[in-house]
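Worksheet for the structure shown next.
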Amino acid sequence: MKYTITRQFSLKNEKYEIVSGSKTICTVKATLSKERAGQFDVKLSNLIAKHREDEFCVIEPDLNVSRNYLIYIENGESGKKNLFGQLSYELCNYNNYLYTIVVGRKLYKVRSSDLKNRCLVIIDTFEQNNLSQPDQYPTLQCPETLFQVIDSFSKLNKTYHVTINDKEKQLGYLAIVILLDLHECRRS
């Protein structure tokens with residue numbers, strides 16, 4: 001599914017609109033965290049939801065680990081929160097962050113300099129069949145692109161074009177783009 005994320009002008013908070021085709025999918029509101037300096041509390045919500053059971057995404061600073069976010073997908077009807085992933089960041093050299101993204105049991109790392117110069121792509125890696133059974137030949141699965149941000153991250157860029165091929169975790173990947181944009185704008 002293809003999305004366009006647009007940063008909107010706001011004096012108090014950071015706001016974004018996420019559109020697919022010509023339809024607004026959800027809006028995003030980011031406020032500075034009261035518990036963690038320099039971090040954000042973020043909520044992706046569908047203002048035109050027709051069903052109470054619609055999911056939304058909440059991003060919270062991890063109170064146990066500094067410079068770390070927890071990304072939750074929450075069911076609107078039951079209120080049950082499921083952890084989608086984590087994003088942490090650290091300064092690796094002057095004006096350059098190293099972001100660590102964890103989705104499930106997969107780990108991805110990217111630097112600010114890479115975000116500025118190329119598109120962000122998260123690809124599912126090669127996996128082998130169960131090697132504990134000696135009579136099976138190992139087979140490799142082709143890598144699959146789960147998520148791709150076409151545009152580079154910068155303070156001047158207010159629009160991102162995103163393609164998400166993972167149909168179950170779209171809100172979580174959109175949350176990653178929002179977090180990266182928030183921190184890259186502060187860094188610039």
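What FRET efficiency comes out for the pair residue 121/residue 186, r = Cβ-Cβ distance, R0 = 30 Å, nearest 0.05? Calculated value: 0.80. When 178, 25 are arranged by Cβ crowding within 10 Å, least crowded first, meaning fewest neighbours, the order is 25, 178.
Summary value for the chain: 16 percent relative contact order, contacts being C-alpha pairs under 8 angstrom separated by 6+ residues. The simple spin-label model puts a point 7 Å past each Cα toward its Cβ; for residue 152 and residue 83 those points are separated by 3.5 nm. The stretch 1-20 and the stretch 156-183 have Cα centres separated by 10 Å. The label-point distance for residue 56 and residue 163, in a model that sets each label 7 Å from Cα toward Cβ, rounds to 3.1 nm.
Label-to-label distance for residue 9 and residue 27 is 1.7 nm, based on points extended 7 Å past Cα in the beta-carbon direction. Mind giving me the FRET efficiency for residue 144 and residue 111? R0 is 41 Å, r the Cβ-Cβ distance, nearest 0.05 is fine. Computed FRET efficiency for residue 144 and residue 111 comes out at 0.95. In terms of other Cβ atoms within 10 Å, 7, 67, 186 run from fewest to most in the order 186, 67, 7.
Across the stretch 2-187, Cα-Cα pairs more than 28 Å apart make up 26 percent of the total. Helix 170-187 and the long axis of the chain differ in direction by around 60°, with both axes built from C-alpha atoms. Exposed loop sites here are GluC sites (Glu not before Pro) assigned a DSSP state other than H, G, I, E or B and surrounded by at most 15 other beta carbons within 10 Å; excluding them, the longest clear run of the chain is 78-126.
We did not get these values from a lab; they are worked out from the coordinates using the rules stated. Keep in mind the model is a prediction, meaning the values are calculated, not measured. All Cβ positions, even for glycine, are placed from backbone atoms using ideal geometry, and neighbour counts span all protein chains on display.
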